[in-house]
Amino acid sequence: ACKIKIFSVNGTLIRQFDKDDNSPYLDWDLKNQANVPIASGIYIIHVDVDGVGEKVLKWFGVMRPIDLDTF
């Protein structure tokens, strides 16, 4: 069980997850708490595991622009 918090570079909390299963990964739909897609850029991911410790990761994501001509 762990808590995962995703922040923007300026420290704004983007999304928080409470993970309590045994899988070694977490699927994130690249949306914030308000279900709005995130912008391209650098994000800080803070993982806190009770009884084990903490880890801070840096993640860079690029979002492709929406192609409205394919609909």
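Laid out as a table, the results:
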{"read-out": "Proximal aspartates and glutamates relative to residue 55, as straight alpha-carbon distance under 16 Å, when same-chain residues fewer than 8 apart are discounted", "value": "18"}
{"read-out": "Amide H contacts of residue 32 (H built 1.01 Å from N, under 5 Å, at least 5 apart or other chain)", "value": "38"}
{"read-out": "Options 45, 68, 28, ranked by Cα towards positive dipole end of region 22-68, top entry (Cβ charges)", "value": "68"}
{"read-out": "(i) 1.27; (ii) 1.15; (iii) 1.22, with the label sought being that of the calculated Cα Rg over 2.2 N^0.38 Å", "value": "(i)"}
{"read-out": "Karplus 3J(HN,Hα) series, Hz, for region 42-49 with 6.51 cos²θ - 1.76 cosθ + 1.60 (x for Gly, Pro)", "value": "9, 10, 10, 10, 10, 10, 10, 10"}
{"read-out": "³J(HN,Hα) computed for each position of region 2-18 - Karplus, 6.51 cos²θ - 1.76 cosθ + 1.60, integer Hz, glycine/proline x", "value": "8, 10, 10, 10, 10, 10, 7, 5, 7, x, 6, 5, 8, 7, 10, 10, 10"}
{"read-out": "For region 23-36, Karplus couplings with θ = phi - 60° (6.51, -1.76, 1.60), whole Hz, Gly/Pro x", "value": "5, x, 9, 9, 7, 10, 7, 6, 10, 7, 5, 8, 6, 9"}
{"read-out": "Point-charge dipole on Cβ atoms (K/R +1, D/E -1) for the chain, about Cα centre, debye to 20", "value": "260 debye"}
{"read-out": "Per residue accessible area in Å² of the chain, where ligands, DNA and RNA are left out and the probe is 1.4 Å", "value": "81 Å²"}
{"read-out": "Carbon and sulfur %, accessible surface of the chain computed with the full protein complex present, 1.4 Å", "value": "55 percent"}
{"read-out": "GNM flexibility winner over the chain from 18, 50, 27 (Cα, springs under 10 Å)", "value": "27"}
{"read-out": "Cleavage-rule hits (chymotrypsin sites (Phe, Trp or Tyr not before Pro)) in region 1-53: DSSP loop, at most 10 neighbouring Cβ within 10 angstrom", "value": "25"}
{"read-out": "Rough spin-label spacing in nm, given labels placed 7 Å along Cα→Cβ, for residue 50 and residue 29", "value": "2.7 nm"}
{"read-out": "Value of relative contact order over the chain, rounded to a whole percent, pairs C-alpha under 8 Å and six or more apart", "value": "30 percent"}
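The values are calculated or read from the model by the stated rules, or taken from the named source; none is laboratory data. Please read all numbers here as calculations on a predicted model, not as lab measurements. All Cβ positions, glycine included, derive from the backbone under ideal geometry; neighbour counts span all protein chains shown. Heads up: the accessible areas ignore ligands, DNA and RNA and are worked out on the full protein's heavy atoms, side chains in. Shrake-Rupley method; radii C 1.70, N 1.55, O 1.52, S 1.80 Å.
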